[in-house]
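The values are calculated or read from the model by the stated rules, or taken from the named source; none is laboratory data. These figures come from a predicted structure and were not determined experimentally. Cβ sites come from the backbone with ideal geometry, for glycine too, and all protein chains shown count toward neighbours. Note: areas computed on protein heavy atoms with side chains; ligands, DNA, RNA excluded. Shrake-Rupley method; radii C 1.70, N 1.55, O 1.52, S 1.80 Å.
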Amino acid sequence: MTRPPTAAQRRVIDAADPVTGRLRGTESQLAALVKRELAFRHPRPPHDHFLTPAGHRIREEAATPTASAPEASEPAREPARESSGVFAARVGGEEGIDSGPSRIREVHSAWQGLLELRRMTNPHGVVDRPCAWERTHLVQAAALALEAAGHRPAGADGEGYRVRATPQPEAVAVRGPDAGALRECAATLEQAGWQVGEHTEPRTGARYLLASPRRI
(Lines give C-alpha, C1' and ligand atoms only; values in the text may rest on other atoms or scores of the structure.)
Protein backbone atom coordinates (compact mmCIF):
# COMPACT_ATOMS: atom_id res chain seq x y z
CA MET A 1 0.00 0.00 0.00
CA THR A 2 1.36 3.43 -0.97
CA ARG A 3 2.26 5.67 1.94
CA PRO A 4 0.20 8.86 2.16
CA PRO A 5 1.94 12.16 1.36
CA THR A 6 3.74 13.92 4.18
CA ALA A 7 2.27 17.05 5.75
CA ALA A 8 4.61 19.24 3.71
CA GLN A 9 3.71 17.42 0.51
CA ARG A 10 0.00 17.76 1.31
CA ARG A 11 0.43 21.50 1.66
CA VAL A 12 2.01 21.63 -1.79
CA ILE A 13 -0.82 19.51 -3.25
CA ASP A 14 -3.54 21.54 -1.54
CA ALA A 15 -2.02 24.78 -2.85
CA ALA A 16 -2.01 23.58 -6.48
CA ASP A 17 -3.85 25.66 -9.06
CA PRO A 18 -7.45 24.36 -8.98
CA VAL A 19 -7.76 24.32 -12.78
CA THR A 20 -4.34 23.42 -14.18
CA GLY A 21 -2.88 21.58 -11.18
CA ARG A 22 0.31 23.67 -11.42
CA LEU A 23 2.47 23.16 -8.32
CA ARG A 24 4.79 25.38 -6.33
CA GLY A 25 7.30 23.95 -3.85
CA THR A 26 10.93 23.13 -3.22
CA GLU A 27 12.81 20.94 -5.67
CA SER A 28 12.90 18.09 -3.14
CA GLN A 29 9.14 18.31 -2.49
CA LEU A 30 8.31 18.32 -6.18
CA ALA A 31 10.74 15.48 -6.91
CA ALA A 32 9.16 13.40 -4.13
CA LEU A 33 5.68 13.97 -5.59
CA VAL A 34 6.94 12.92 -9.03
CA LYS A 35 8.45 9.77 -7.52
CA ARG A 36 5.08 8.93 -5.95
CA GLU A 37 3.41 9.58 -9.34
CA LEU A 38 1.32 12.37 -7.81
CA ALA A 39 2.94 14.98 -10.05
CA PHE A 40 4.85 15.21 -13.32
CA ARG A 41 7.46 17.62 -14.68
CA HIS A 42 6.48 19.34 -17.89
CA PRO A 43 9.01 18.52 -20.64
CA ARG A 44 9.05 22.07 -22.02
CA PRO A 45 10.63 25.13 -20.37
CA PRO A 46 10.11 26.43 -17.74
CA HIS A 47 9.58 22.75 -16.74
CA ASP A 48 6.83 23.44 -14.22
CA HIS A 49 5.32 20.62 -12.19
CA PHE A 50 1.64 19.61 -12.36
CA LEU A 51 -0.60 17.21 -10.49
CA THR A 52 -1.33 13.86 -12.09
CA PRO A 53 -4.91 12.50 -11.93
CA ALA A 54 -3.89 10.67 -8.73
CA GLY A 55 -2.63 13.94 -7.27
CA HIS A 56 -5.87 15.68 -8.21
CA ARG A 57 -7.83 12.95 -6.43
CA ILE A 58 -5.88 13.47 -3.21
CA ARG A 59 -6.45 17.23 -3.42
CA GLU A 60 -10.17 16.80 -4.06
CA GLU A 61 -10.66 14.26 -1.27
CA ALA A 62 -9.47 16.85 1.23
CA ALA A 63 -11.88 19.42 -0.18
CA THR A 64 -14.89 17.10 -0.45
CA PRO A 65 -16.90 18.41 2.55
CA THR A 66 -17.07 21.94 1.06
CA ALA A 67 -16.22 21.65 -2.60
CA SER A 68 -18.81 19.01 -3.44
CA ALA A 69 -21.73 20.82 -1.86
CA PRO A 70 -22.68 23.07 -4.81
CA GLU A 71 -22.77 20.25 -7.36
CA ALA A 72 -24.72 17.96 -5.04
CA SER A 73 -27.49 20.52 -4.62
CA GLU A 74 -30.72 20.66 -6.58
CA PRO A 75 -30.37 22.25 -10.04
CA ALA A 76 -32.51 25.25 -9.07
CA ARG A 77 -30.61 26.04 -5.87
CA GLU A 78 -28.14 28.93 -5.84
CA PRO A 79 -24.48 27.89 -5.68
CA ALA A 80 -22.25 28.66 -2.74
CA ARG A 81 -20.08 31.73 -3.10
CA GLU A 82 -16.46 31.06 -4.00
CA SER A 83 -13.70 31.36 -1.44
CA SER A 84 -11.67 34.56 -1.52
CA GLY A 85 -8.52 34.38 -3.60
CA VAL A 86 -9.40 31.12 -5.39
CA PHE A 87 -10.49 31.24 -9.02
CA ALA A 88 -13.92 29.83 -9.81
CA ALA A 89 -15.86 30.20 -13.03
CA ARG A 90 -19.19 31.99 -12.67
CA VAL A 91 -21.99 29.43 -12.80
CA GLY A 92 -24.70 32.11 -12.58
CA GLY A 93 -26.56 33.40 -9.54
CA GLU A 94 -23.55 34.79 -7.68
CA GLU A 95 -23.74 38.17 -5.99
CA GLY A 96 -21.46 41.07 -6.81
CA ILE A 97 -20.21 39.72 -10.17
CA ASP A 98 -17.02 41.45 -11.32
CA SER A 99 -16.81 41.83 -15.10
CA GLY A 100 -13.91 44.28 -15.22
CA PRO A 101 -10.54 43.91 -16.98
CA SER A 102 -8.95 41.96 -14.10
CA ARG A 103 -11.71 39.36 -14.20
CA ILE A 104 -11.43 39.08 -17.99
CA ARG A 105 -7.68 38.46 -17.70
CA GLU A 106 -8.23 35.92 -14.92
CA VAL A 107 -10.81 33.99 -16.96
CA HIS A 108 -8.61 34.05 -20.07
CA SER A 109 -5.67 32.71 -18.07
CA ALA A 110 -7.81 29.94 -16.55
CA TRP A 111 -9.12 28.90 -19.98
CA GLN A 112 -5.63 28.79 -21.47
CA GLY A 113 -4.51 26.73 -18.48
CA LEU A 114 -7.38 24.31 -19.05
CA LEU A 115 -6.45 23.92 -22.72
CA GLU A 116 -2.90 23.15 -21.63
CA LEU A 117 -4.23 20.59 -19.16
CA ARG A 118 -6.15 18.96 -22.01
CA ARG A 119 -3.01 18.86 -24.12
CA MET A 120 -0.99 17.27 -21.34
CA THR A 121 -3.54 14.70 -20.15
CA ASN A 122 -5.73 13.77 -23.15
CA PRO A 123 -4.60 10.90 -25.41
CA HIS A 124 -2.44 12.22 -28.27
CA GLY A 125 -2.55 15.69 -26.71
CA VAL A 126 -5.86 16.68 -28.29
CA VAL A 127 -7.41 19.90 -27.01
CA ASP A 128 -10.76 19.75 -28.79
CA ARG A 129 -12.47 17.65 -26.14
CA PRO A 130 -12.70 17.81 -22.32
CA CYS A 131 -10.11 16.12 -20.12
CA ALA A 132 -10.51 14.02 -16.98
CA TRP A 133 -10.52 17.06 -14.68
CA GLU A 134 -13.49 18.52 -16.54
CA ARG A 135 -15.42 15.26 -16.25
CA THR A 136 -15.13 15.41 -12.47
CA HIS A 137 -15.91 19.15 -12.34
CA LEU A 138 -18.75 19.37 -14.86
CA VAL A 139 -20.41 22.55 -13.62
CA GLN A 140 -17.17 24.51 -13.25
CA ALA A 141 -15.83 23.25 -16.60
CA ALA A 142 -18.95 24.16 -18.57
CA ALA A 143 -19.20 27.53 -16.83
CA LEU A 144 -15.55 28.31 -17.60
CA ALA A 145 -16.10 27.54 -21.29
CA LEU A 146 -19.07 29.91 -21.36
CA GLU A 147 -17.44 32.71 -19.38
CA ALA A 148 -14.21 32.50 -21.38
CA ALA A 149 -16.23 32.90 -24.59
CA GLY A 150 -17.75 36.13 -23.28
CA HIS A 151 -21.18 34.93 -22.18
CA ARG A 152 -22.63 36.79 -19.21
CA PRO A 153 -23.47 34.76 -16.08
CA ALA A 154 -26.80 35.49 -14.39
CA GLY A 155 -26.57 38.09 -11.66
CA ALA A 156 -29.03 39.75 -9.35
CA ASP A 157 -31.17 40.86 -12.31
CA GLY A 158 -31.60 37.27 -13.49
CA GLU A 159 -30.20 37.97 -16.97
CA GLY A 160 -27.50 35.59 -18.19
CA TYR A 161 -26.66 31.90 -18.14
CA ARG A 162 -26.94 29.48 -15.22
CA VAL A 163 -25.12 26.14 -15.10
CA ARG A 164 -26.35 23.50 -12.69
CA ALA A 165 -25.71 19.84 -11.88
CA THR A 166 -28.27 17.25 -12.95
CA PRO A 167 -29.16 13.71 -11.75
CA GLN A 168 -27.42 12.37 -14.86
CA PRO A 169 -23.84 11.29 -14.10
CA GLU A 170 -22.10 13.26 -16.91
CA ALA A 171 -24.42 16.12 -17.78
CA VAL A 172 -25.10 19.68 -16.72
CA ALA A 173 -28.14 21.85 -17.35
CA VAL A 174 -27.65 25.31 -18.85
CA ARG A 175 -30.45 27.85 -18.72
CA GLY A 176 -30.57 31.26 -20.34
CA PRO A 177 -32.85 34.29 -20.49
CA ASP A 178 -34.13 33.53 -24.01
CA ALA A 179 -33.89 31.16 -26.97
CA GLY A 180 -31.21 33.22 -28.67
CA ALA A 181 -28.94 33.15 -25.63
CA LEU A 182 -29.41 29.39 -25.33
CA ARG A 183 -28.41 28.87 -28.97
CA GLU A 184 -25.28 30.95 -28.43
CA CYS A 185 -24.39 28.96 -25.31
CA ALA A 186 -24.95 25.70 -27.20
CA ALA A 187 -22.61 26.82 -30.01
CA THR A 188 -19.90 27.76 -27.51
CA LEU A 189 -20.11 24.47 -25.63
CA GLU A 190 -20.04 22.45 -28.85
CA GLN A 191 -16.91 24.31 -29.96
CA ALA A 192 -15.39 23.55 -26.53
CA GLY A 193 -15.93 19.80 -27.01
CA TRP A 194 -19.32 19.23 -25.39
CA GLN A 195 -22.35 17.36 -26.75
CA VAL A 196 -25.40 19.59 -26.40
CA GLY A 197 -29.13 18.99 -26.74
CA GLU A 198 -32.06 21.33 -26.15
CA HIS A 199 -34.90 20.15 -23.92
CA THR A 200 -38.15 21.41 -22.42
CA GLU A 201 -38.96 21.51 -18.71
CA PRO A 202 -42.19 19.44 -18.40
CA ARG A 203 -43.76 21.53 -15.64
CA THR A 204 -42.91 25.03 -16.89
CA GLY A 205 -42.29 24.58 -20.61
CA ALA A 206 -38.98 26.46 -20.25
CA ARG A 207 -36.23 25.49 -22.64
CA TYR A 208 -32.77 24.49 -21.38
CA LEU A 209 -29.62 22.78 -22.59
CA LEU A 210 -28.29 19.43 -21.47
CA ALA A 211 -24.53 19.26 -22.06
CA SER A 212 -22.07 16.38 -21.65
CA PRO A 213 -18.31 16.20 -22.32
CA ARG A 214 -17.61 14.66 -25.71
CA ARG A 215 -15.43 11.55 -25.64
CA ILE A 216 -14.69 11.08 -29.37
Checking Cys131 against (1) farther than 27 Å from Asp98 by Cα; (2) modelled with pLDDT of 95 or more, the condition it does not meet: (2)
Of all residues making up the range 163-172, the number that are surrounded by fewer than 24 Cβ atoms within 10 Å (Cβ to Cβ) and under 22 Å from Ala110 (Cβ atoms): 2
Identity of the residue in the range 188-200, exposed (fewer than 15 other Cβ atoms within 10 Å of the Cβ) and not β-branched (Val, Ile, Thr), that ends up farthest from Glu147 (Cα to Cα): His199
Matching residues, the range 130-139, being touching a Leu at 6+ places or on another chain (Cβ under 7 Å) and either open to solvent by 10 Å² or more (accessible area, probe 1.4 Å) or of a type in the set (Ser, Thr, Tyr) (or both): Trp133
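To keep it simple, each residue is scored yes or no on (1) open to solvent by 20 Å² or more (accessible area, probe 1.4 Å); (2) charged (D, E, K, R); (3) over 30 Å from His49 (Cα atoms).
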{"site": "Val107", "(1), (2), (3)": "no, no, no"}
{"site": "Glu116", "(1), (2), (3)": "yes, yes, no"}
{"site": "Thr121", "(1), (2), (3)": "yes, no, no"}
{"site": "Asp128", "(1), (2), (3)": "yes, yes, no"}
{"site": "Ala141", "(1), (2), (3)": "no, no, no"}
{"site": "Leu146", "(1), (2), (3)": "no, no, no"}
{"site": "Gly158", "(1), (2), (3)": "yes, no, yes"}
{"site": "Asp178", "(1), (2), (3)": "yes, yes, yes"}
{"site": "Ala186", "(1), (2), (3)": "no, no, yes"}
Single unsatisfied condition, Ala154 versus (1) open to solvent by 40 Å² or more (accessible area, probe 1.4 Å); (2) more than 13 Å from the chain's Cα centre (by Cα): (1)
Options Arg215, Arg203; residue that is open to solvent by 30 Å² or more (accessible area, probe 1.4 Å), touching a residue at least 24 places away in the same chain (Cβ under 8 Å), charged (D, E, K, R) and not in a helix (DSSP H, G or I): Arg215
Residue in the range 170-186 that is of a type in the set (Gly, Ala, Ser) and under 24 Å from His42 (Cα atoms) present: no
